[in-house]
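Just so you know, all these numbers are worked out from the coordinates, no wet-lab data involved. Quick caveat: nothing in here was measured; it's all calculated off a predicted structure. No Cβ is skipped: glycine too gets one built from the backbone with ideal geometry, and neighbour counts run over all protein chains shown.
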């Protein structure tokens with residue numbers, strides 16, 4: 001009986017992870033893109049206040065917190081749809097995959113937005129952010145360093161591959177961690193040997 | 001996982017240890033720009049350059065690493081399973097209270113308080129799963 005249960009856990013193939021990772025990843029990728037866009041246009045249309053709590057900063061915090069929960073939810077979905085029994089390592093894979101899909105989805109949506117809908121979005125958001133930095137109460141040297149870094153980043157351009165290379169590891173790792181918590185909360189305990 | 005967390009902490013130190021002229025625009029800065037506001041007034045500095053994440057995020061990363069390293073110790077100490085989940089929940093609530101209190105100017109948090117509270121959250125996150133490493137043997 002125990003052997004059968006263990007076989008069920010071991011028989012999970014890579015393809016079994018995909019539906020949960022894809023559904024949750026796509027939803028969270030879309031939501032994070034929409035939130036980023038919403039706050040982005042708020043930043044573009046707002047007068048520079050010099051406040052650190054600018055719309056774009058809120059966007060970063062909200063998107064970070066929101067997308068981190070995706071790993072946990074992917075495990076929840078997996079336990080509902082595929083198998084109640086999921087090992088810690090399998091949860092980690094699922095979480096990382098979910099994070100990777102979020103990064104891929106948001107990058108492609110952003111590229112679509114910039115290429116098709118609003119080609120000047122990046123420049124507008126950069127101008128608005130720089131205008132806000134310029135009226136911030138901080139040493140001039142810090143302001144200059146921030147603005148210079150932003151300009152360099154934009155001038156250098158960011159290919160889709162570079163964005164993915166940069167976006168996937170951190171998003172994947174954060175979701176991996178929350179997926180581990182998901183395994184603890186939603187999965188049936190499986191005896192493992194370490 | 002341990003290696004990934006070590007790299008996370010290492011890269012979060014920013015461009016200062018890589019001889020960059022600025023962290024913003026450097027690959028370390030780009031790595032974390034999607035998850036951290038990278039406010040120079042709220043960051044620590046390494047070699048006169050701001051780190052790639054602010055003090056709270058750096059605290060979270062350090063906490064994640066320490067929590068992960070502590071798992072064997074917690075297994076030996078046989079810490080109550082659900083205690084750490086409550087510890088995590090409390091850490092989340094305290095972050096929200098701290099952020100909100102600062103936002104509506106009831107108090108002003110500092111780099112040190114953000115580092116400590118972030119560290120608490122990170123530690124609670126990784127340590128909360130320690131019991132999944134427990135075997136019957």
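Below are the figures for this structure:
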read-out: Highest-fluctuation residue, B:89, B:13, B:121 considered, GNM on chain B with Cα pairs under 10 Å; value: B:89
read-out: Ranked B:28, B:113, B:23, criterion: other C-beta atoms within 10 Å, fewest first; value: B:113, B:28, B:23
read-out: C-alpha center-to-center spacing [the range A:100-157, the range B:15-83] in angstrom; value: 22
read-out: Listed residues A:24, A:69, A:82, most fluctuating in chain A (Gaussian network, C-alpha, under 10 Å); value: A:82
read-out: Convex hull of Cα atoms in chain A, direction-averaged projection (nm²); value: 12.9
read-out: In degrees, nearest ten, helix B:111-127 long axis to first principal axis of chain B (Cα); value: 40
read-out: Cα gyration tensor, the range B:10-137 - rounded (a/c under 1.5), prolate or oblate; value: oblate
read-out: Approximate spin-label separation residue A:65-residue B:4, in nm, with each point projected 7 Å along Cα-to-Cβ; value: 2.4
read-out: Average beta carbon contacts from partner chains per residue of B:12-24, 10 Å cutoff; value: 2
read-out: Residue order, fewest to most beta carbons within 10 Å, for A:138, A:146; value: A:138, A:146
read-out: Helical mean residue ellipticity (222 nm; -39500 (n - 2.57) per DSSP H run of 4+; nearest 500) of the protein assembly as shown; value: -23500 deg cm²/dmol
read-out: Length added when fully stretched, residue B:47-residue B:90, from 0.36 nm per residue minus Cα-Cα; value: 12.0 nm
read-out: Shielding score for B:95-103, defined as the mean number of other chain Cβ atoms within 10 Å; value: 1
read-out: Most mobile listed residue (A:39, A:108, A:53) in chain A, GNM with C-alpha springs under 10 Å; value: A:53
read-out: Gain on full stretching of the segment that runs from residue A:22 to residue A:142 - 0.36 nm per residue minus C-alpha separation; value: 39.1 nm
read-out: Added length on full extension, which subtracts the Cα-Cα distance from 0.36 nm per residue, residue A:122 to residue A:34; value: 30.2 nm
read-out: Calculated FRET value between residue A:84 and residue A:42, using beta carbons and R₀ = 30 Å, to 0.05; value: 0.10
read-out: For A:142-149, mean number of other protein chain Cβ atoms within 10 Å; value: 5
